[in-house]
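Encoded as structure tokens, the structure appears first; notes follow it.
The values are calculated or read from the model by the stated rules, or taken from the named source; none is laboratory data. Given the structure is predicted, the values throughout are model-derived calculations rather than measurements. Note that we place each Cβ from the backbone using ideal geometry, even for glycine, and neighbour counts take in every protein chain shown.
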Amino acid sequence: MNDRGHAMGSRLHTKVTPDWHRWLAEAVAAGYAAPDLLTTMKENGFDERASRDAIADALFGSPAPPSNAPEPSTFRSHLRAGHVLDAGDRQVRVLVRVARPTIAVLDGVLDPSECEALRALATTRLARSQVVNPGTGVGVVQDIRTSEGANFGRGETPLIARIDARAAAIMNLDQEHGEGLQAMRYGPAAEYLPHFDYFPPDDPGSQAHLRNGGQRVSTLIMYLNDVEAGGETIFPRIDFSYVPRQGQALYFEYNAPDGSLDLLSLHGGAPVLSGEKWILTKWMRERPFPG
Ligand SMILES: O=C(O)CCC(=O)C(=O)O
Ligand SMILES: [Fe+2]
């Protein structure tokens with residue numbers, strides 16, 4: 001099979017065809033080891049990740065039948081590779097990555113003194129958090145979100161400007177793609193039920209947002225304190241739960257590999273069981289916009 005489909009300079013194959021799955025199964029039965037199989041697949045133009053997945057399936061059984069779905073589109077995550085991300089004025093460590101939806105847990109995003117200053121700043125303008133009414137696009141107070149929030153214009157204070165710039169560097173988009181930072185405080189029992197951060201494309205209320213800056217593409221939730229109990233950020237469809245830790249951040253995106261909005265990005269804030277929870281959130285849009 002060494003002459004199959006390896007066109008120099010073209011994109012690597014990310015879809016392993018049924019005949020290659022059969023070839024892998026036979027090679028495993030004949031006693032070939034994983035490193036040799038990987039070499040052969042790479043020589044034949046297969047992407048490293050797709051090859052490793054297919055070899056694991058041949059060795060240990062496939063968790064799902066090989067799919068006939070089309071090859072992933074050219075969609076690429078904005079999140080950079082590597083264990084350390086350049087956030088402009090500091091380096092941020094990646095603690096955890098999840099492939100689908102794209103999630104990263106980041107350490108060292110904010111200093112304790114910055115968290116304290118941001119909480120103090122937000123306290124001066126806390127109001128009951130709103131969610132966007134799907135019919136009108138106007139913010140309304142609703143029970144799915146029982147936190148209190150404070151919005152900041154881009155660059156509103158020197159501290160806010162510094163965090164705007166840091167968030168944009170982490171999220172790998174210009175600051176002009178960013179909505180103003182939003183601080184939120186959850187008291188005991190407060191929660192944010194599971195939701196999507198993107199604007200539902202078919203809701204009439206989304207249209208004004210979509211015209212101004214386009215769809216949201218990514219979220220950076222920065223944690224301004226440790227929570228005594230509860231208050232995890234949860235992704236129920238992938239059984240993922242993040243425990244708030246002061247100075248850390250949770251980054252995620254809402255595009256599936258085929259470029260569609262990813263239903264697996266459903267997430268929420270679990271009820272605070274004890275103490276308070278403070279977060280600061282940055283949302284990024286597809287296009288630059290006035291803010
Ligand atoms: O409170 C959390 O952990 C989640 C917040 C959130 O999902 C949001 O603000 O959009
Ligand atoms: Fe959210």
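May I ask you to verify whether SER73 is farther than 24 Å from ALA190 by Cα, at pLDDT below 95 and not β-branched (Val, Ile, Thr)?
yes
Out of ARG128, ARG119, ARG52, ARG90, report the one residue that is in the same structural domain as LEU280 (by TED's automatic domain parsing), among the basic types (Lys, Arg) and modelled with pLDDT under 95. Full working, then the answer.
Values: ARG119 fails: modelled with pLDDT under 95; ARG52 fails: in the same structural domain as LEU280 (by TED's automatic domain parsing); ARG90 fails: modelled with pLDDT under 95.
Within the list ARG128, ARG119, ARG52, ARG90, the selection yields ARG128.
Would you call VAL227 more than 14 Å from ligand 2 (Cβ to nearest atom) and surrounded by 16 or more Cβ atoms within 10 Å (Cβ to Cβ)?
Yes; evaluated as a whole, the condition is true for this residue.
Can you pull out the residues in the range 154-164 that are surrounded by fewer than 17 Cβ atoms within 10 Å (Cβ to Cβ) and part of a helix (DSSP H, G or I)?
Those that are surrounded by fewer than 17 Cβ atoms within 10 Å (Cβ to Cβ) and part of a helix (DSSP H, G or I): PRO158, LEU159, ALA161, ARG162.
For residues that are within 19 Å of LEU220 (Cβ to Cβ) and more than 8 Å from ligand 1 (Cβ to nearest atom), tally how many sit in the range 268-282.
Selection size over the range 268-282: 3.
Quick check on my filter: what residues within the range 250-270 are assigned to a strand (DSSP E or B) and either surrounded by fewer than 20 Cβ atoms within 10 Å (Cβ to Cβ) or of a type in the set (Ser, Thr, Tyr) (or both)?
TYR251, LEU261, GLY268
Take the residues in the range 227-249 that are within 11 Å of ligand 1 (Cβ to nearest atom), over 23 Å from ALA87 (Cβ atoms) and outside any strand (DSSP E or B); name whichever of them is nearest to the chain's Cα centre (by Cα).
That would be GLU232.
Can you pull out the residues in the range 165-175 that are in contact with a strand residue (DSSP E or B) (Cβ under 9 Å, 6 or more places away or on another chain) and either among the hydroxyl-bearing types (Ser, Thr, Tyr) or assigned to a helix (DSSP H, G or I) (or both)? First the steps, then the outcome.
Keep residues of the range 165-175 that are in contact with a strand residue (DSSP E or B) (Cβ under 9 Å, 6 or more places away or on another chain), which gives 166-173.
Once the filter is applied, which keeps residues that are in contact with a strand residue (DSSP E or B) (Cβ under 9 Å, 6 or more places away or on another chain) and either among the hydroxyl-bearing types (Ser, Thr, Tyr) or assigned to a helix (DSSP H, G or I) (or both), the range 165-175 yields ARG166, ALA167, ALA168, ALA169, ILE170, MET171.
Keeping to the range 103-122, report how many residues are surrounded by fewer than 18 Cβ atoms within 10 Å (Cβ to Cβ), of a type in the set (Gly, Ala, Ser) and in a helix (DSSP H, G or I).
Count: 3.
Look through ARG216, ARG285 and report the one residue that is within 11 Å of ligand 1 (Cβ to nearest atom) and within 16 Å of the chain's Cα centre (by Cα).
Criteria check complete, one pass: ARG216.
Only one of GLY205, GLY149, GLY187 is in the same structural domain as VAL109 (by TED's automatic domain parsing), within 12 Å of ligand 1 (Cβ to nearest atom) and touching a Ser or Thr at 6+ places or on another chain (Cβ under 9 Å). Can you tell me which?
Of the residues listed, the single one that is in the same structural domain as VAL109 (by TED's automatic domain parsing), within 12 Å of ligand 1 (Cβ to nearest atom) and touching a Ser or Thr at 6+ places or on another chain (Cβ under 9 Å) is GLY149.
Does the range 10-47 hold any residues that are of a type in the set (A, V, I, L, M, F, W, C) and more than 34 Å from the chain's Cα centre (by Cα), and which are they?
Passing the criteria: TRP23, ALA25, ALA27, VAL28, ALA29, ALA30, ALA33.
On the basis of being crowded, with 18+ Cβ neighbours inside 10 Å, modelled with pLDDT of 90 or more, out of contact with any Pro (no Cβ under 7 Å at 6 or more places or on another chain) and farther than 23 Å from ALA104 by Cβ, does ALA150 make the cut?
yes
Taking the criterion of being more than 23 Å from THR102 (Cα to Cα) and either in the same structural domain as ALA270 (by TED's automatic domain parsing) or without any contact (Cβ under 8 Å) to a residue 24 or more places away in the chain (or both), would at least one residue in the range 233-247 satisfy it?
Checked the range 233-247: no residue is more than 23 Å from THR102 (Cα to Cα) and either in the same structural domain as ALA270 (by TED's automatic domain parsing) or without any contact (Cβ under 8 Å) to a residue 24 or more places away in the chain (or both).
Does HIS267 satisfy the criteria of being within 16 Å of ligand 2 (Cβ to nearest atom) and within 23 Å of ARG166 (Cβ to Cβ)?
Yes, satisfied.
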